[in-house]
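Notes follow the structure.
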Amino acid sequence: MASGLRRFVGSLSRRNLSTACANKQLIQQHDGGVGSGKSLNLYSAINQALHIALETDPRAYVFGEDVGFGGVFRCTTGLADRFGKSRVFNTPLCEQGIVGFAIGLAAMGNRAIAEIQFADYIFPAFDQIVNEAAKFRYRSGNQFNCGGPSCDSPGLTVRAPYGAVGHGGHYHSQSPEAFFCHVPGLKVVIPRSPQQAKGLLLSCIRDPNPVVFFEPKWLYRFSVEEVPEDDYMLPLSEAEVIREGSDITLVGWGAQLSIMEQACLDAEKEGISCELIDLKTLIPWDKETVEASVRKTGRLLISHEAPVTGGFGAEISASILERCFLRLEAPVARVCGLDTPFPLVFEPFYMPTKNKASCLESFKVPTQHCCMNLTAHGS
Amino acid sequence: MALSKLSSSSSLSTNILKPLTNSFFLHRPISTDTTPLTIETSVPFTSHQCEAPSRSVETTPKELLSFFRQMATMRRMEIAADSLYKAKLVRGFCHLYDGQEAVAIGMEAGITKKDSIITAYRDHCTFLGRGGTLLEVFSELMGRKDGCSHGKGGSMHFYKKDSGFYGGHGIVGAQIPLGCGLAFAQKYSKDETVTFALYGDGAANQGQLFEALNIAALWDLPAILVCENNHYGMGTAEWRAAKSPSYYKRGDYVPGLKVDGMDALAVKQACKFAKEHALKNGPMILEMDTYRYHGHSMSDPGSTYRTRDEISGVRQERDPIERIRKLILAHDLATEKELKDIEKEVRKEVDDAIAKAKESPMPEPSELFTNVYVKGYGVEVIVNTLYQYIGFFFAS
């Protein structure tokens with residue numbers, strides 16, 4: 001990890017918000033060496049990361065449905081022209097085949113970067129990810145793996161766009177991260193912004209473990225910020241406090257952070273000081289950062305788009321209760337998607353919006369379970 | 001062929017008679033004429049492990065005219081759906097069928113409504129073919145109460161239980177094994193019905209297809225797997241994705257038939273043949289050689305992976321509606337003006353249905369929580385949690 005090119009900049013980004021807007025501060029505070037940033041949206045940042053990944057490792061491959069001509073979200077634009085069709089190629093529509101193939105490719109010492117076109121389509125590949133990729137190393141007593149012994153060893157990364165886009169309906173909106181968080185041997189990573197996406201994706205690609213990297217498709221075009229042009233990595237399993245506060249800790253990941261950020265601003269107007277944490281890596285997750293924050297604030301709210309029951313918020317809640325039970329001043333609150341299939345016309349009702357996340361009253365009255373601002377439903 | 005004799009003699013008559021003949025045509029009962037007609041399919045069938053059916057297809061003037069009207073309705077409906085999507089009145093994903101109409105129409109003509117159909121997400125026209133209405137289509141597209149799935153499904157999830165349409169499925173290839181399950185139930189009930197499970201050339205590379213094929217063949221299920229080969233799996237040409245794009249042969253031990261999917265009569269002949277075969281001998285694959293004019297979905301302009309010339313070439317040479325139009329005119333079953341009038345009527349029907357669908361209310365907000373589970377059976381716990389969770393807005 002000490003390689004000059006691969007510089008971790010995570011600690012530097014522990015500043016104010018860098019969620020949806022450009023964060024010039026961060027770039028300026030970079031410890032030199034890293035070139036100037038360019039304003040990029042999230043898909044371009046992913047694209048840049050993939051360019052770097054292919055350039056820095058001749059044994060890296062990018063493949064998936066329609067990636068040859070740029071992919072449906074343009075994340076792989078230009079890759080096939082630059083690196084050739086033997087390294088960047090389209091696959092048939094067969095998710096199970098794509099991931100199985102990627103595992104085999106990685107097992108032979110290559111960096112396999114597979115794309116599943118939508119996270120909703122990942123389920124045909126679920127068996128390959130859960131039973132093959134995650135357990136290969138363990139069950140072979142470390143003879144085989146789809147990674148390697150160190151960060152310089154190649155590995156397997158499965159990229160998939162997840163989450164709501166406002167009108168995606170049942171099968172283009174789901175957030176399936178919790179399914180994969182139940183699988184020891186896997187890593188699950190979700191970035192919140194272009195800069196994060198580039199650094200985290202490069203870390204995932206170079207991680208010797210199989211990683212599922214979910215990209216918030218809502219932010220592909222929407223989120224723009226300055227992204228360093230050179231090769232940098234952000235640490236995995238390290239959460240980041242992106243906003244400091246003293247009254248309550250909010251934990252989230254991916255696109256939901258921009259919603260939570262707005263809730264923080266609304267709460268601030270009410271005199272409530274919120275601390276906002278981006279978990280970034282869901283497994284193995286950074287309990288210490290969350291614990292330290294909750295010890296300070298005494299309250300915890302977790303928010304994600306996936307349905308509340310069995311969501312990863314439940315795991316965070318249980319872990320923090322174990323660690324901070326006597327310090328908590330209110331029950332842990334979860335503001336999440338509802339326990340329904342992802343709806344078509346009722347997406348606004350389903351979503352954990354900022355009005356639901358504001359929970360203003362609950363912060364003032366610690367015993368209250370979880371308050372929703374009702375305007376979202378009233379309209 | 002009394003009618004065609006009459007019309008040919010009238011076409012020989014002088015110009016003075018023309019207005020008279022026109023008015024005669026307008027009033028003749030063209031759409032109910034059931035005089036048998038025999039028409040050759042555009043190209044021969046290609047078969048695999050079976051004897052191909054005859055190229056001569058029995059039809060009637062009535063059937064040809066109804067093909068024309070129904071396909072014109074489908075075409076107009078899909079074009080209107082495109083505009084509605086662009087006007088942001090249709091949310092969710094939307095996959096249009098224009099170009100492929102002959103498959104939906106021909107299949108219906110070869111089977112009965114007691115047979116089952118299950119398809120993927122390009123399902124608007126298949127639904128209409130099963131007897132669905134334009135109002136149900138547009139209401140569903142716009143997420144309204146009068147939609148065929150009560151506004152809860154959207155474009156990809158059309159269903160019609162009373163005529164055996166098991167609907168639109170969102171995940172590529174996932175509907176094929178389901179279709180085999182339907183066929184198993186049909187075989188068990190011995191009611192001489194079959195299931196047509198439709199999938200695209202993209203889905204033909206999914207592992208599920210081969211699992212389903214094996215099961216269907218092993219148990220001799222009356223399942224017909226219909227590969228609607230429009231030559232592009234999303235943005236990837238068939239030859240880039242399939243080692244063998246001869247999808248009708250890919251069942252190996254399962255017989256197959258390649259059909260011109262732009263020729264409604266060929267499709268009808270093939271489906272009739274396949275149904276008979278399936279009832280006697282088990283599954284069969286039909287590969288419909290067809291073409292979609294639109295892109296894969298609304299976010300695909302459809303022009304990055306194929307040339308505009310290719311699209312316009314198919315429109316000019318193979319268009320399924322134009323083929324029927326030419327047949328009708330060649331056999332003198334209607335005049336060009338009459339066909340134009342049909343298209344005008346269809347256009348109005350579509351516009352009226354859209355206007356009506358726009359009036360249809362959105363589903364009740366409580367519908368967000370219905371149909372997740374059947375009430376009772378202990379699921380109240382979950383419903384209660386839900387209400388607790390969102391309790392505040394219900395309380396206010």
*Kindly check whether there is at least one residue in region B:148-163 that is without any contact (Cβ under 8 Å) to a residue 60 or more places away in the chain, of a type in the set (S, T, N, Q) and within 27 Å of residue B:249 (Cα to Cα).*
no
*Considering every residue within region A:81-91, establish whether at least one is crowded, with 20+ Cβ neighbours inside 10 Å and touching a residue at least 40 places away in the same chain (Cβ under 8 Å).*
no
*asked:* Yes or no: region B:131-140 includes at least one residue that is under 21 Å from residue B:201 (Cα atoms) and in the same structural domain as residue B:312 (by TED's automatic domain parsing).
replied: no
*Does at least one position in region B:136-146 carry a residue that is in contact with a strand residue (DSSP E or B) (Cβ under 7 Å, 6 or more places away or on another chain), under 29 Å from residue B:347 (Cα atoms) and within 13 Å of chain A (Cβ to nearest Cβ)?*
no
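Considering region A:49-84 alone, what residues qualify as being among the small types (Gly, Ala, Ser) and in a helix (DSSP H, G or I)?
Listed by number, the residues that qualify are A:49, A:53, A:68, A:80.
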*Quick one: is residue A:137 charged (D, E, K, R) and more than 14 Å from chain B (Cβ to nearest Cβ)?*
yes
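Restricting attention to region A:318-330, does a residue exist that is surrounded by 19 or more Cβ atoms within 10 Å (Cβ to Cβ), in contact with a helix residue (DSSP H, G or I) (Cβ under 6 Å, 6 or more places away or on another chain) and either under 19 Å from residue A:285 (Cβ atoms) or modelled with pLDDT of 95 or more (or both)?
yes
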*Please work out if residue A:276 is within 30 Å of residue A:136 (Cβ to Cβ) and hydrophobic (A, V, I, L, M, F, W, C).*
no
*Could you please give the count of residues in region B:340-363 that are within 14 Å of chain A (Cβ to nearest Cβ) and free of Cβ contacts under 8 Å to residues at least 24 places away in the same chain?*
0
*Which residues, taken from region A:64-112, are over 23 Å from the mean Cα position of the chain (by Cα) and among the polar types (S, T, N, Q)?*
A:86, A:90, A:91, A:110
*Select from region B:169-182 the residues that are in contact with a Gly (Cβ under 9 Å, 6 or more places away or on another chain) and either more than 14 Å from chain A (Cβ to nearest Cβ) or outside any loop (DSSP other than H, G, I, E, B) (or both) and list them in ascending order.*
B:175, B:182
_Search result, residues across region A:104-131 that are buried (at least 22 other Cβ atoms within 10 Å of the Cβ), away from chain B (no Cβ under 14 Å) and assigned to a helix (DSSP H, G or I)_ = A:106, A:129
*asked:* Condition first: among the hydroxyl-bearing types (Ser, Thr, Tyr), closer than 24 Å to residue B:218 by Cα and either at the interface with another protein chain (Cβ under 9 Å from one of its Cβ atoms) or part of a loop (DSSP other than H, G, I, E, B) (or both). Now tell me which residues in region B:231-255 satisfy that.
replied: B:244, B:246, B:253
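Any idea which residue in region B:183-206 is surrounded by the most Cβ atoms within 10 Å (Cβ to Cβ), counting only those that are part of a helix (DSSP H, G or I) and without any contact (Cβ under 8 Å) to a residue 12 or more places away in the chain?
B:185
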_Return the pair list, or none, for Cβ contacts closer than 8 Å from residues in region B:367-388 that are at the interface with chain A (Cβ under 7 Å from one of its Cβ atoms) and surrounded by 12 or more Cβ atoms within 10 Å (Cβ to Cβ) to residues that are modelled with pLDDT of 70 or more and in a helix (DSSP H, G or I), at least 6 apart or on different chains._
B:368/A:349; B:368/A:350
*Say whether the condition of being part of a loop (DSSP other than H, G, I, E, B) and at positive phi is met by at least one residue in region B:107-126.*
no
*asked:* Which numbered condition in (1) buried (at least 22 other Cβ atoms within 10 Å of the Cβ); (2) away from chain B (no Cβ under 13 Å) is the only one that residue A:335 fails?
replied: (2)
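Conditions (1) under 28 Å from residue A:351 (Cβ atoms); (2) touching a residue at least 24 places away in the same chain (Cβ under 8 Å), marked per residue:
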{"residue": "A:125", "(1), (2)": "yes, yes"}
{"residue": "A:131", "(1), (2)": "no, no"}
{"residue": "A:137", "(1), (2)": "no, yes"}
{"residue": "A:154", "(1), (2)": "no, yes"}
{"residue": "A:165", "(1), (2)": "yes, yes"}
{"residue": "A:174", "(1), (2)": "yes, yes"}
*Can you tell me which residue within region B:224-243, out of those that are out of contact with any helix residue (DSSP H, G or I) (no Cβ under 8 Å at 6 or more places or on another chain) and more than 15 Å from residue A:94 (Cβ to Cβ), is surrounded by the fewest Cβ atoms within 10 Å (Cβ to Cβ)?*
B:239
*Considering every residue within region B:318-330, establish whether at least one is more than 14 Å from chain A (Cβ to nearest Cβ), surrounded by fewer than 19 Cβ atoms within 10 Å (Cβ to Cβ) and not aliphatic (A, V, I, L, M).*
yes
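Scan region B:207-223 for residues that are surrounded by fewer than 17 Cβ atoms within 10 Å (Cβ to Cβ), of a type in the set (A, V, I, L, M, F, W, C) and assigned to a helix (DSSP H, G or I) and jot them down.
Answer for region B:207-223, where residues must be surrounded by fewer than 17 Cβ atoms within 10 Å (Cβ to Cβ), of a type in the set (A, V, I, L, M, F, W, C) and assigned to a helix (DSSP H, G or I): B:210, B:218.
The values are calculated or read from the model by the stated rules, or taken from the named source; none is laboratory data. Quantities reported herein were computed from a predicted structural model and do not represent experimental measurements. Positions of Cβ are generated from backbone atoms using ideal geometry, with glycine treated the same way; all protein chains shown enter the neighbour counts.
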